[in-house]
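Peer 1: One structure is given below, represented as structure tokens, and several questions about it will come after.
The values are calculated or read from the model by the stated rules, or taken from the named source; none is laboratory data. None of these values were measured; they are calculated from a predicted model. Every residue, glycine as well, gets a Cβ built from its backbone with ideal geometry; the counts of neighbours run over all protein chains shown. Please note that ligands, DNA and RNA were not included when accessible areas were found on the heavy atoms of the full protein model with its side chains. Shrake-Rupley method; radii C 1.70, N 1.55, O 1.52, S 1.80 Å.
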Amino acid sequence: MVNWFWFLLVVSGILVAMIQGKTAVVTTAILDGAKVAVETSLGLIAIITFWLGVMRVAEAAGIVAFLARLLKPLLCFLFPSIPPQHPAMGAIILNLSANLLGLGNAATPAGLLAMREMQKLNPRPEEATPAMCTFLALNTACVTLIPTTIIGVRALYGSKEPAAIISTTVLATACGMIVAVVTDALFRRFYRQR
């Protein structure tokens, strides 16, 4: 549905430009946009590669394991249906760790692995379990301590203080995560009663 919406927007923009006789402007904008997209992508590849390397070093140094031990009581509380030693719990911890560092791209594979592992515990495969719903809420609205990708984009475009957004990002994402977890708990309680 969304693809059709974007397709209609693009086609209608081109048609309006043709009617107004400004097809050269549209062509120039398309080429300039493609150039900016490539430059931004290359800049982001460097940033993501750097932070993925930092994650590997943190994992080798035991920081990820320490974070896992730190988060384990909270995650056992949030995911009571998942055994503490199950591979799904490890994938959830990796996903949340990457999200804490603002590495959404690195969090995606761990998130997919977590869902796959939780599906193995699912007695009704056609429905999402409460643990899956909680994980989706956490993954979508996880607190971000260091918004590395956004800092990188700001630096790429010449911001004088690219890291100036850290405090507001932490506050906004913390609020979002609290709302997501509370809403998940409320929905779970409401639908359990039905």
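Peer 1: On the accessible surface of the chain, probed at 1.4 Å, how many percent belong to carbon and sulfur atoms?
Peer 2: Values: 9250 of 12780 Å².
Its accessible area is 72 percent carbon and sulfur atoms.
Peer 1: Turning to a different aspect of this structure: Enumerate the aspartates and glutamates that Lys22 could reach by cross-link, defined here as Cα to Cα under 18 Å, with residues fewer than 8 away along the same chain left out.
Peer 2: Asp32
Peer 1: Please report, in Å, the Rg and the Dmax of segment 50-161, where both are computed over Cα atoms only.
Peer 2: 15.3, 53
Peer 1: Place a +1 charge on the Cβ of each Lys and Arg in the chain and a -1 charge on the Cβ of each Asp and Glu, then give the dipole magnitude about the Cα centre in debye, rounded to the nearest 20. Present the calculation step by step, with values, prior to reporting the outcome.
Peer 2: Details: 14 positive and 8 negative charges, 83 e Å.
With only Lys, Arg, Asp and Glu charged at Cβ, the dipole is about 400 debye.
Peer 1: May I pose another question? Please report, largest first and rounded to whole Å, the three semi-axes of the ellipsoid equivalent to segment 123-164, where each semi-axis is the square root of five times an eigenvalue of the C-alpha gyration tensor. Let's see the in-between values first.
Peer 2: Numbers: eigenvalues 278, 18, 5 Å².
Ellipsoid semi-axes (Å, largest first): 37, 10, 5.
Peer 1: Dipole of segment 39-194 (Lys/Arg Cβ +1, Asp/Glu Cβ -1, origin at the Cα centre): which of Gln119, Ala172, Ile92 lies farthest to the positive side?
Peer 2: Most positive-ward Cα: Gln119.
Peer 1: Put +1 on the Cβ of every Lys and Arg and -1 on every Asp and Glu Cβ in segment 1-95; which of Val57, Val2, Leu42 then has its Cα farthest towards the positive end of the dipole?
Peer 2: Of the listed residues, the answer is Val57.
Peer 1: Sorted from largest to smallest, which semi-axis lengths in Å does the alpha carbon gyration tensor of the chain give for its equivalent ellipsoid, taking the root of 5 times each eigenvalue?
Peer 2: On the way: eigenvalues 279, 119, 49 Å².
Working through the eigenvalues yields semi-axes of 37, 24, 16 Å.
Peer 1: Hey, another quick one. Tell me, what is the FRET efficiency for Thr28 and Ile166 to the nearest 0.05, using R0 = 35 angstrom and their Cβ-Cβ distance as r?
Peer 2: Details: r = 37 Å, r/R0 = 1.06.
Here the calculated transfer efficiency is 0.40.
Peer 1: Can you give me the distance in nm between label points at Leu186 and Ala17, each placed 7 Å from the Cα along the Cα-to-Cβ direction?
Peer 2: The two pseudo-label positions are separated by 4.5 nm.
Peer 1: Between segment 145-179 and segment 28-79, what is the separation of their alpha carbon centroids in Å?
Peer 2: 13 Å
Peer 1: Per residue, how much accessible area does the chain show when a 1.4 Å probe rolls over the protein heavy atoms, in square angstrom? Before the final figure, lay out the partial values.
Peer 2: Numbers: 12780 Å² over 194 residues.
With all protein chains present, the chain gives 66 Å² per residue.
Peer 1: Helix-only estimate, please: 222 nm mean residue ellipticity of the chain, summing -39500 (n - 2.57) across DSSP H runs of length 4 or more and dividing by its residues, to the nearest 500. Let's see the in-between values first.
Peer 2: Numbers: 8 runs with 151 residues, N = 194.
Theoretical 222 nm ellipticity from helices: -26500 deg cm²/dmol.
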